[in-house]
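These notes are about the structure you will find just below.
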Amino acid sequence: MNIKALTPALSVSPQVHPADMAEIVASGLRSIICNRPDGEERGQPAAAEIAAAAKAHGLDFAHVPVVSGQVGAGDAAAMARALAALPAPVLAYCRSGARSAEVAQLAATLGEGAITRYEIVVIGGGSAGIAAAASILRRRPDVSLAIVEPSETHYYQPGFTMVGGGIFSAEATRRSVEELVPAQAVWIRGAAASFDPGANQVTLADGRVLAYGVLVVSPGLKLDWDAIPGLAAALGANGVTSNYRYDLAPYTDRLVRRFRGGRALFTQPGMPIKCAGAPQKAMYLACHRWEGEGVLGGAEVQFHTATPTLFGVADYVPALESYIARYGIDLHLESRLVSIDGTTKTALFEQRRGDILRRVEERFDMIHVVPPQVAPDFIAASPLAAASGFVAVDEMTLRHPDYANIFALGDVAATTNAKTAAAARKQAPVVALNALAALDGAAPVAAYTGYGSCPLTVEAGRIVLAEFGYGGKLMPTFPKWLIDGTRPSRLSWLLKEKLLPPLYWHAMLRGREWLAAPAVIDPQR
């Protein structure tokens, strides 16, 4: 092939054929743009044929047809949009390569704003990011909005515990990002690297720069497996597992099914973590299965949590303590996992007992580990970060305290609510309303009350439905006569198993805000 590099991010070439894909990949290129209209000459491969071959080799593709000798401003704008959306470096081709070079040069002369500017840029295509984008676009379908997300796969993370408990299949918790991104949004396949809030710009890891009118930050948090020496290498073998990873939740299920007695350890790090009840849920589901199979009596189950209490909201603790007693679990508060050796099946804990700090080594036959969780590195190192490393925001409006056109939601926001999908569901419409108000030069109009929900699965078939807001205030969705969230409930289990997954896929991620109406800020305040 005759590939000519115009810039580090863009090369051009004559007509590309399906057989060229391996060479294109080997050249380090990540995307292809076809600038030829289909049927331009006899024997020309159709754009769809090249697109299929590109996809089979892991390349992204866009068709921006340009008529030879008639390159215009509309073509340049279309080329600019494609270059902004596709992972770089990009190969553009036409019959000879000259037309691609011409339209690319014209696109560059339009200036940065025409190439990269969107009214709203959303960083992160997870639960919070897609929900916020969908809510924005339902209110204002014509707003120009881009979602920056490097992953091709989206996971329903609240379902991982159910996978580990043998209730859901792993496949039921995953979808492609492409099918979830709202039709009106531009999906930019890339990762954010740094922010320049003074210039209203985001730079991506591949060097692309996006300008925005309003920025919504929602890339989630980082599971810090390396914070516990030995853990990353031990996972997935020798009885070491975690429901916090898609590929390991089925291993949890296998370990629990094959367990016939011995020592089973379950751990929880300090806050913040995704769903504070998830470490316990894995343990309760395992114990309930062992109880039913008659092997619980031969099990020594330990729960080591770095927190000083079993659960952060006192109203739910008595119900959980009853299951700790029922399953004969040895509870260790303020006990933090500090290292693990999978080959010797030993775990080292640091335990606080009053003013004394001691280290205790425990042997295990299986261990379910939850890693410490921190802000993503590019967030913690950015001018958007609070002292915690997460994005600084006003807890009610979710707006940055220093930048009136920047909002954050989901796990990355430095709020004191529980980090759950239910919290993101409530935050999304708040951010949607306030982001659109900021775009119009107005003050925030909606408030988030700190709502979060943690369905604590205490046995297969019963759940303690913890729902609470800022300060641990109980915020039940249903009347107490229907669901008393402080007690195990069969109806709460049906809600978790049958209703919440479709609510997630078909309502939350589509901008349908069932039971998620935001509080309105009183303009007289």
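The values are calculated or read from the model by the stated rules, or taken from the named source; none is laboratory data. A quick note: this is a predicted structure, and the numbers were derived from the prediction, not measured. Neighbour counts are summed over all protein chains in view; Cβ atoms, including those assigned to glycine, are modelled from backbone coordinates with ideal geometry.
Before moving on, here are some points about what is shown:
One line per residue, one yes/no per condition, for (1) out of contact with any strand residue (DSSP E or B) (no Cβ under 8 Å at 6 or more places or on another chain); (2) of a type outside the set (G, A, S):
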position	(1), (2)
T153	no, yes
Q157	no, yes
V163	yes, yes
F168	yes, yes
E171	yes, yes
R175	no, yes
L180	no, yes
A185	no, no
A191	no, no
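- Whether a residue is buried (at least 22 other Cβ atoms within 10 Å of the Cβ), within 26 Å of G236 (Cα to Cα) and touching a Pro at 6+ places or on another chain (Cβ under 7 Å) was assessed, and A375 does not pass this test.
- All positions within the range 489-525 that are in contact with a Phe, Trp or Tyr (Cβ under 8 Å, 6 or more places away or on another chain) and either in a helix (DSSP H, G or I) or in contact (Cβ under 8 Å) with a residue 40 or more places away in the chain (or both): P501, L503, Y504, W505, P518, A519
- Scanning the range 374-395 for residues that are in contact with a helix residue (DSSP H, G or I) (Cβ under 8 Å, 6 or more places away or on another chain) and either assigned by TED's automatic domain parsing to the domain that holds T307 or under 19 Å from A227 (Cβ atoms) (or both) yields V374, A375, P376, I379, A385, G389, F390.
- Scanning the range 138-148 turns up no residue that is at pLDDT 95 or above and among the hydroxyl-bearing types (S, T, Y).
- Residue match in the range 133-153 (condition: hydroxyl-bearing (S, T, Y), over 12 Å from the mean Cα position of the chain (by Cα) and within 22 Å of L398 (Cβ to Cβ)): yes
- Residue check for K480: exposed (fewer than 14 other Cβ atoms within 10 Å of the Cβ) and either in the same structural domain as A314 (by TED's automatic domain parsing) or assigned to a helix (DSSP H, G or I) (or both): no
- Within the range 235-346, strands (runs of 3 or more DSSP E) holding 2 or more residues that are under 31 Å from the mean Cα position of the chain (by Cα) and more than 20 Å from D224 (Cα to Cα): 299-305, 330-333
- Output for the range 199-210, where each listed residue is in a strand (DSSP E or B) and either within 16 Å of the chain's Cα centre (by Cα) or surrounded by 20 or more Cβ atoms within 10 Å (Cβ to Cβ) (or both): V202, L204, L210
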